[in-house]
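First comes the structure, then the notes that go with it.
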């Protein structure tokens, strides 16, 4: 089924530390530990009329911990697991590069690597995003720096109930970082 991409604001979420716990170089489904109410949060954003995107640094590829194919398998699995609860991730961007890696072809400080805004800008170029109302949720300063560089507000998530955090953002009860 083909869906028409409607112009709407975007919620751009970091993966590790926001959707799932940051357990260091998670490249396989058996290592995913979902953040509490992650699927509810994504569904809340879907129901509120947002594009929901994920942007994530994945230097585990450059470091040789997992391949890009394994990473894509994991990301597809995550999207299908969320879909079981009616939650939809519209698109994902990741940066497999790191200048201190060990895998040839990934040893650079790529323009998509956070805190640079490349992943966000690419998503906004390929989707009809309304900037007004769009925002980023991350768990690190580099996520917020990427949001700022892309001229979007950023919210720093310290863990816990992701759905409650998203609900508070949508109600305007959490301040920008």
Practice item. Could you grab me the full set of residues in segment 53-66 that are in contact (Cβ under 8 Å) with a residue 40 or more places away in the chain and farther than 22 Å from residue 124 by Cβ? Key: 59, 61, 62, 63, 65, 66
Review point. Out of curiosity, is residue 61 assigned to a strand (DSSP E or B), touching a helix residue (DSSP H, G or I) at 6+ places or on another chain (Cβ under 8 Å) and under 20 Å from residue 118 (Cα atoms)?
Key: no
Check your understanding: Which one is nearest to residue 10 (Cα to Cα), of the residues in segment 131-141 that are loosely packed, with under 15 Cβ neighbours inside 10 Å and out of contact with any helix residue (DSSP H, G or I) (no Cβ under 8 Å at 6 or more places or on another chain)?
Key -> 132
Review point. Restricting attention to segment 111-130, and to residues there that are part of a loop (DSSP other than H, G, I, E, B) and in contact with a helix residue (DSSP H, G or I) (Cβ under 7 Å, 6 or more places away or on another chain), which single residue is surrounded by the most Cβ atoms within 10 Å (Cβ to Cβ)?
Key: 114
Practice item. Within segment 31-52, identify whether any single residue is in contact (Cβ under 8 Å) with a residue 24 or more places away in the chain, buried (at least 16 other Cβ atoms within 10 Å of the Cβ) and assigned to a strand (DSSP E or B), and answer yes or no. Key: yes
Check your understanding: So residue 16 clears everything in (1) touching a helix residue (DSSP H, G or I) at 6+ places or on another chain (Cβ under 9 Å); (2) buried (at least 19 other Cβ atoms within 10 Å of the Cβ); (3) touching a residue at least 60 places away in the same chain (Cβ under 8 Å) except one condition, right? Which one?
Key -> (1)
Check your understanding: In the list 164, 158, which residue meets the criterion of being surrounded by fewer than 16 Cβ atoms within 10 Å (Cβ to Cβ), at pLDDT 95 or above and not in a helix (DSSP H, G or I)?
Key -> 158
Exercise for review: Report, by residue number, each residue of segment 8-31 that is in contact with a strand residue (DSSP E or B) (Cβ under 7 Å, 6 or more places away or on another chain) and more than 18 Å from residue 138 (Cβ to Cβ).
Suggested key: 8
**Study point:** Positions within segment 84-101 being crowded, with 19+ Cβ neighbours inside 10 Å and more than 13 Å from the chain's Cα centre (by Cα), in sequence order
**Key:** 87, 96, 97, 98, 101
Exercise for review: Check whether at least one residue in segment 66-83 is assigned to a loop (DSSP other than H, G, I, E, B), in contact with a helix residue (DSSP H, G or I) (Cβ under 7 Å, 6 or more places away or on another chain), on the phi < 0 side of the Ramachandran plot and surrounded by fewer than 18 Cβ atoms within 10 Å (Cβ to Cβ), and report yes or no.
Suggested key: no
Check your understanding: Checking residue 42 against (1) modelled with pLDDT of 95 or more; (2) closer than 18 Å to residue 113 by Cβ, which test does it fail?
Key -> (2)
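The values are calculated or read from the model by the stated rules, or taken from the named source; none is laboratory data. Worth saying up front: this structure is predicted, and the values here are computed from it rather than measured. Positions of Cβ are backbone-derived with ideal geometry, glycine not excepted, and every protein chain shown enters the neighbour counts.
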